[in-house]
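Here the structure comes first, spelled out in structure tokens, and everything after it is commentary.
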Amino acid sequence: MAVSSCARVFPTFECRSDPPEYSNTRRFSTGKSTSSSIHKPLAASFAGSPGNLSSLIFKFPPNFVRQLSTKARRNCSNIGVAQVVAAAWSTNPPPSAASIDAPSPIEVPIVDEGVPADNGNGSFKIDDVQLSALNDSNTASFLTSDGSIAIHAGERLGRGIVTDAITTPVVNTSAYFFKKTSELIDFKEGRHASFEYGRYGNPTTVVAEEKISALEGAESTLLMASGMCASTVLLMALIPAGGYLVTTTDCYRKTRIFIETILPKMGIKTTVIDPANVDALKSALDKNEVTLFFTESPTNPFLRCVDIELVSKLCHSKGALVCVDGTFATPLNQKALSLGADIVLHSATKYIAGHNDVLAGCISGSEKLMAKVRTLHNILGGALNPNAAYLIIRGMKTLHLRVQQQNTTALRMARLLEGHPKVNHVYYPGLVSHPEHYMAKRQMTGFGGVVSFEIDGDLMKTAKFIDALKIPYIAPSFGGCESIVDQPAIMSYWDLSQADRAKFGINDNLVRFSFGIEDFEDLKADILQALEAI
């Protein structure tokens, strides 16, 4: 924000009577305050009974007032000020108006942006700390990079919360009030923009949603309490009872469990295909009335890739929707919607939040499809806490920096591991040896920060390698600043026998390594030393 070389003389604090109607409009004189401008309100207030003291409220400078809600200002003014004044005057009578001298005005540098607009009569209109707009699709038109959009979308470019703060405030509330029944009716009938209940939306959460929409090029985004919450709500909202789903073999295990055990109770049938088997997809579309094709790309944990543009054309020709879980890709490395997908989903817990400190999931798509998802979400719950939304907003401002570092580190490390004698196989779409490398290169700008590989050894030898590592944490999840490593056979599939794990391609020597933003040379030395230890 530019700061003017000129200074504005703000008026001193003034007392006035609370208006009969609690309006959101506060007016302030732009000229210097004189003693007469203060005497009249004071004299008028003192003329009545002592009870009139409770109606006195301070008139604050504009930048201060803008950051307080109407309710907060009213409570502060009517209660706090009245108590202080009453206590001060309990032993000493109030001074006469003639004896009060106006204190010297305070000179404050004028800020070019964020100052209320002049109404043309020397006064300013101060908006309440509520929604000013729910969506502005043109806010990022002058930004050309995802990095800039991730920082400014939803905030400087059309933030709904009116405040001078650079960071978005956390609005911790479970419900929202309406001034009158007529305002509530206007809200219900679409003439008034606001919220109603915490499960249906939150101003802080809206900022995070608008950032994601801007990056994905989506009309609407919905944040939920976790990635699995987003997946399950989406599948139930978009596939009707008796519908048909096509999905891929390689995917997050809990998603597979939901598809195999819960969806059949709704009469939903499923065909599972290899991520790159286009012929199998064509066959499923020809033989069944497919409602939705749901896939990860890249997949978990083998980082297989789906030709999003091709499958979207095939599915749309048969009236089927396409949903891509782009968690491993991030909105920076892959734009699934621009490639033809109808819906893109993320576990925002991972790269989007990026600090291993929050659980969240998000779904982005057209307003029409998102309305269906939002309706079911409002019924089932799973709302994101506004404090978690704040952490996502904070995390997204470094998303482009983190992802660039993770892309570079993972690609260099994948190449190093592929040539190491103690590594049997490396799974990473950035390698030419990956089965979908050229497809991934065509539809992705980076290949992500996760590398899966198989150690030349058994379960215990692989565990010995992991235990020898000093930098990464042994933990589930991925995409954060800290590197994380896990052995899927133990971390995610330990309840299955070795033979059953093998059915999903999960061998005992498989390692999934999520590279954080540590120095490459430190990570390289750590991995090489751990490999030497086995």
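The values are calculated or read from the model by the stated rules, or taken from the named source; none is laboratory data. Just so it is clear, the structure is predicted and the values come from calculations on it, not from any experiment. Positions of Cβ are backbone-derived with ideal geometry, glycine not excepted, and every protein chain shown enters the neighbour counts. All accessible areas refer to the heavy atoms of the entire protein, side chains included, with ligands and DNA or RNA removed. Shrake-Rupley method; radii C 1.70, N 1.55, O 1.52, S 1.80 Å.
Could you please let me know if residue 451 is in contact (Cβ under 8 Å) with a residue 60 or more places away in the chain, in contact with a strand residue (DSSP E or B) (Cβ under 7 Å, 6 or more places away or on another chain) and of a type in the set (Val, Ile, Thr)? Judged against the criteria, residue 451 is a match.
In summary, helices (runs of 4 or more DSSP H) completely within the stretch 217-295 and bearing 3 or more residues that are open to solvent by 10 Å² or more (accessible area, probe 1.4 Å) and within 29 Å of residue 146 (Cα to Cα) occur at 227-238. Of all residues in the stretch 302-326, those that are at positive phi have Cβ atoms under 9 Å from Cβ atoms of residues that are open to solvent by less than 10 Å² (accessible area, probe 1.4 Å) and in a strand (DSSP E or B), 6 or more apart or on another chain, in 303/450; 303/451; 303/452.
Candidates in the stretch 441-460 are the residues that are small (Gly, Ala, Ser) and farther than 19 Å from residue 476 by Cβ; of these, the one that is surrounded by the most Cβ atoms within 10 Å (Cβ to Cβ) is 446. Taking first residues from the stretch 364-375 that are in contact (Cβ under 8 Å) with a residue 40 or more places away in the chain and partners that are open to solvent by 70 Å² or more (accessible area, probe 1.4 Å) and of a type outside the set (Phe, Trp, Tyr), the Cβ contacts under 8 Å between residues at least 6 apart in sequence or on separate chains come to 365/219; 366/219; 367/219; 370/219. The single condition among (1) part of a helix (DSSP H, G or I); (2) more than 18 Å from the chain's Cα centre (by Cα); (3) surrounded by 21 or more Cβ atoms within 10 Å (Cβ to Cβ) that residue 379 does not satisfy is (3). Just to be sure before I move on: is residue 276 within 29 Å of residue 488 (Cα to Cα), aliphatic (A, V, I, L, M) and modelled with pLDDT under 95 in the structure I sent? Criteria met by residue 276. Against the numbered list (1) of a type outside the set (D, E, K, R); (2) part of a loop (DSSP other than H, G, I, E, B); (3) closer than 22 Å to residue 336 by Cα; (4) without any contact (Cβ under 8 Å) to a residue 40 or more places away in the chain, residue 421 comes up short only at (3). Contact annotation: residue pairs with Cβ atoms under 7 Å, 6 or more positions apart or on different chains, pairing a residue in the stretch 174-199 that is farther than 17 Å from residue 378 by Cβ with a partner that is part of a helix (DSSP H, G or I), are 178/184; 178/187; 192/183; 192/186. Within the stretch 382-412, the set of residues being more than 15 Å from the chain's Cα centre (by Cα) and basic (Lys, Arg) comprises 402, 412. Checked against the criteria, residue 415 counts as open to solvent by 40 Å² or more (accessible area, probe 1.4 Å) and touching a Leu at 6+ places or on another chain (Cβ under 9 Å).
When 493, 428, 438 are checked against the criterion of being in contact with a Ser or Thr (Cβ under 9 Å, 6 or more places away or on another chain), hydroxyl-bearing (Ser, Thr, Tyr) and either under 24 Å from residue 534 (Cα atoms) or loosely packed, with under 15 Cβ neighbours inside 10 Å (or both), a single residue qualifies: 428.
Among the residues of the stretch 360-373, those identified as under 18 Å from the mean Cα position of the chain (by Cα) and either surrounded by 18 or more Cβ atoms within 10 Å (Cβ to Cβ) or aromatic (Phe, Trp, Tyr) (or both) are 360, 361, 362, 363, 364, 365, 370, 373. Test residue 188 against the criterion of being farther than 21 Å from residue 329 by Cβ and open to solvent by 60 Å² or more (accessible area, probe 1.4 Å), and give yes or no. Criteria met by residue 188.
To keep it simple, each residue is scored yes or no on (1) under 28 Å from the mean Cα position of the chain (by Cα); (2) closer than 19 Å to residue 298 by Cβ; (3) of a type in the set (D, E, K, R).
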{"site": "453", "(1), (2), (3)": "no, yes, no"}
{"site": "462", "(1), (2), (3)": "no, no, no"}
{"site": "481", "(1), (2), (3)": "yes, no, no"}
{"site": "492", "(1), (2), (3)": "yes, yes, no"}
{"site": "497", "(1), (2), (3)": "no, no, no"}
{"site": "506", "(1), (2), (3)": "no, yes, no"}
{"site": "514", "(1), (2), (3)": "yes, yes, no"}
{"site": "520", "(1), (2), (3)": "no, no, no"}
{"site": "529", "(1), (2), (3)": "no, no, no"}
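If you check residue 339 against the conditions, is it within 16 Å of residue 296 (Cβ to Cβ), open to solvent by 10 Å² or more (accessible area, probe 1.4 Å), touching a helix residue (DSSP H, G or I) at 6+ places or on another chain (Cβ under 6 Å) and not in a strand (DSSP E or B)? Yes, satisfied. In the stretch 191-214, is there at least one residue being over 22 Å from residue 384 (Cα atoms) and either modelled with pLDDT of 95 or more or out of contact with any strand residue (DSSP E or B) (no Cβ under 6 Å at 6 or more places or on another chain) (or both)? Yes.
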